[in-house]
1. Only one of (1) over 30 Å from Leu165 (Cα atoms); (2) surrounded by 15 or more Cβ atoms within 10 Å (Cβ to Cβ); (3) under 24 Å from the mean Cα position of the chain (by Cα) fails for Gly72. Which number is that?
2. Can you name the residue in region 1-28 that is under 22 Å from the mean Cα position of the chain (by Cα) and outside any helix (DSSP H, G or I) and is also nearest to Asp78 (Cα to Cα) among such residues?
3. Among the residues of region 15-35, is any polar (S, T, N, Q) and within 30 Å of Ser170 (Cα to Cα)?
4. Please indicate, with yes or no, whether at least one residue in region 42-59 is assigned to a loop (DSSP other than H, G, I, E, B) and at pLDDT below 95.
5. Would you confirm whether any residue within region 29-36 is over 28 Å from Ile167 (Cβ atoms), part of a loop (DSSP other than H, G, I, E, B) and among the basic types (Lys, Arg)?
6. Quick check on Val91: is it in contact with a Gly (Cβ under 7 Å, 6 or more places away or on another chain), under 18 Å from Phe43 (Cα atoms) and surrounded by fewer than 18 Cβ atoms within 10 Å (Cβ to Cβ)?
7. Looking only at helices (runs of 4 or more DSSP H) that fall completely inside region 128-196, which ones have 3 or more residues that are in contact with a Ser or Thr (Cβ under 7 Å, 6 or more places away or on another chain) and either surrounded by fewer than 15 Cβ atoms within 10 Å (Cβ to Cβ) or at pLDDT 95 or above (or both)?
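The values are calculated or read from the model by the stated rules, or taken from the named source; none is laboratory data. These numbers come from a predicted model, not from an experiment. Don't worry about glycine lacking a Cβ; one is built from the backbone with ideal geometry, like all the others, and counts go over all protein chains shown.
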Amino acid sequence: MSSENALAELRLTTRAEHDRIEHLLRLTEPMPLARYAAIVGGFDAFLRVWEPRIHAALPERLQAWFRARRRGGLASADVEWLRDVAGIEPVDADAGAAAAVPLDDVCEVLGSLYVIEGSALGGRVIAPQLKRTLGVAQGRGASYFHGFGGETGAMWSNFRVLASLEIGESPRDIARACRSARRTFAALIALFDPLARPDAAPAFEHPAAPRIAPALLASMDVDDPDATRPAPLADIHIDLPAGDEPEDDAALVELPMDDDAGGDTQRMPL
């Protein structure tokens, strides 16, 4: 089995986006049922677009594996319960950004899956909180966050192993997975941004850091629009004395004299 370089890089490069979506949703804080319904409706809208794309983009040998992990039907069931039992109609959510997430190869697919698979882990904390504060539970409006229940940890471990094997050690493949994960997060952030507090930070923009490791990008020998490498230094050269020159032969620089000196300069030791 290959090492978990890909998983470590995914975790590093999506840390800012992960923090942003948590700040937007605030799922561990008390909330009215209407706000919860907007969140569930958002996930339902997103997964209706995203899951069929993931299934179609996966190689056939992995499609059955993915079908056993789909949670979109759980979100849809929660929306129906909230509408029919609780009498709350979730606000229509625009999940168009889910259609733009890059899924051109298995590395990009697994990078995107990393985001949704990882979100299932949070359900182990979120589901009990929702039951205490809102009275929703598995089969009663909170099936999505209940997810795989006691199997959640094992399902996540299974994903980690498969993702490590499929993405492998190629810097190019790891970088593709990372970019896809970031864009998946960005699609979710755009979807849920209307839920931000009025005094919250502006809509999400890719931060300067953390970022895809420069070593990975350099090895790819391609320009990355999401990269934030430092700009090269200006082309400035100062002559320094060679090691075998006398110490009193110091490096000199030209400095301007006073304005009334006619633009003359004087040589000063560095």
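1. Checking Gly72 against (1) over 30 Å from Leu165 (Cα atoms); (2) surrounded by 15 or more Cβ atoms within 10 Å (Cβ to Cβ); (3) under 24 Å from the mean Cα position of the chain (by Cα), the one that fails is (1).
2. The first filter runs over region 1-28 and keeps only residues under 22 Å from the mean Cα position of the chain (by Cα), leaving 3-28.
Applying the additional criterion that residues be outside any helix (DSSP H, G or I) yields 3-4, 14, 26-28.
Numbers: Ser3: 38, Glu4: 35, Thr14: 28, Arg26: 19, Leu27: 16, Thr28: 18 Å.
Selected residue: Leu27.
3. Our first condition is that a residue be polar (S, T, N, Q); within region 15-35, this holds for 28.
Checking which are within 30 Å of Ser170 (Cα to Cα) leaves us with none.
Within region 15-35, none of the residues are polar (S, T, N, Q) and within 30 Å of Ser170 (Cα to Cα).
4. Step one: filter region 42-59 for residues assigned to a loop (DSSP other than H, G, I, E, B), giving 58-59.
Those still in the list that are at pLDDT below 95 too: none.
No; the residues of region 42-59 include none that is assigned to a loop (DSSP other than H, G, I, E, B) and at pLDDT below 95.
5. Filtering region 29-36 down to residues over 28 Å from Ile167 (Cβ atoms) leaves 29-36.
Subsequent filtering for residues that are part of a loop (DSSP other than H, G, I, E, B) retains 29-32.
After this cut, where a residue has to be among the basic types (Lys, Arg) as well, the list is none.
Taking every residue of region 29-36 in turn, none turns out to be over 28 Å from Ile167 (Cβ atoms), part of a loop (DSSP other than H, G, I, E, B) and among the basic types (Lys, Arg).
6. Values: in contact with a Gly (Cβ under 7 Å, 6 or more places away or on another chain): yes; under 18 Å from Phe43 (Cα atoms): yes; surrounded by fewer than 18 Cβ atoms within 10 Å (Cβ to Cβ): yes.
Yes; evaluated as a whole, the condition is true for this residue.
7. Numbers: elements: 143-146, 152-167, 171-192.
Hits in region 128-196: 171-192.
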